[in-house]
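Undergrad: Could you have a look at this structure, given as structure tokens, before my questions?
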Amino acid sequence: MKLIPYLNFNGQCETAFKFYEQCLGGKIGDIMTYGKSPMAEQTPSEWHDKIMHAQITVGDQELMGGDSMSEYFEEPKGTSVLLSIEDAGEAERIFEALAENGTVKMPIQETFWAARFGMLVDQFGTPWMINCARID
């Protein structure tokens, strides 16, 4: 079994995944637009360039997502994508990159459980937690 976070966007999936590819050092794999899908005829023409499904690989992990049509889109509530990073400097770099034009909820800092921990909501509305475990 494999757990894979699936992020929903309100029309900005392609931009978000390109941003995540840059911030996280990942590689975008599969991308399917509504217009190139078997559902193209049932999809409003203004959504043909929107992403029905996208996948990015970061290391040996995957993140997936797509654009939800406005009547189905809901902002994330009660969840975050947690990145566990071994190097404190890399944790800070990724935190700062993801925070660009977003909202920092808790600045990245040392805590009683972590060498670095921080929380943010990125410019696309995705909540993130960045954790770098304490090595004693």
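Undergrad: Eight or more residues apart or on different chains, and alpha-carbon atoms under 16 Å: count the Lys pairs in the chain matching that.
TA: Close lysine pairs found across the chain: 4.
Undergrad: Here is a further query. Tell me the relative contact order for segment 7-67 as a rounded percent, counting alpha carbon contacts under 8 Å between residues six or more apart. It would help to have the intermediate numbers written out before the result.
TA: Numbers: 107 pairs, mean separation 25.6, N = 61.
Across segment 7-67, relative contact order equals 42 percent.
Undergrad: Relative contact order for segment 81-133: what is it in percent, counting Cα pairs under 8 Å that are at least 6 residues apart?
TA: Working: 111 pairs, mean separation 22.9, N = 53.
Relative CO of segment 81-133 lands at 43 percent.
Undergrad: Output the relative contact order of segment 39-136, whole-number percent, from Cα pairs under 8 angstrom with separation of 6+ residues.
TA: 23
Undergrad: Residue by residue through segment 14-26, which ³J(HN,Hα) values in whole Hz follow from phi under the Karplus form 6.51 cos²θ - 1.76 cosθ + 1.60 (θ = phi - 60°), with glycine and proline marked x?
TA: Going residue by residue, I get 4, 5, 4, 5, 5, 5, 5, 4, 5, 5, 9, x, x Hz, with x marking Gly and Pro.
Undergrad: So, one more: Per-residue ellipticity at 222 nm for the chain, helices alone: DSSP H runs ≥ 4 residues times -39500 (n - 2.57), over residue total, nearest 500 deg cm²/dmol? List each step's numbers first, then the result.
TA: Working: 2 runs with 24 residues, N = 136.
Per the formula, -5500 deg cm²/dmol.
Undergrad: Starting from the 7 Å offset along Cα-to-Cβ, what nm value, one decimal, do you get for the label separation of H53 and D30?
TA: 0.4
Taken together, the values in this text are just the output of simple stated rules run on the coordinates, not laboratory data. Keep in mind that this is a model prediction, so the values were computed, not measured. Ideal geometry is used to build each Cβ from the backbone, glycine not excepted, and the neighbour counts take in all protein chains shown.
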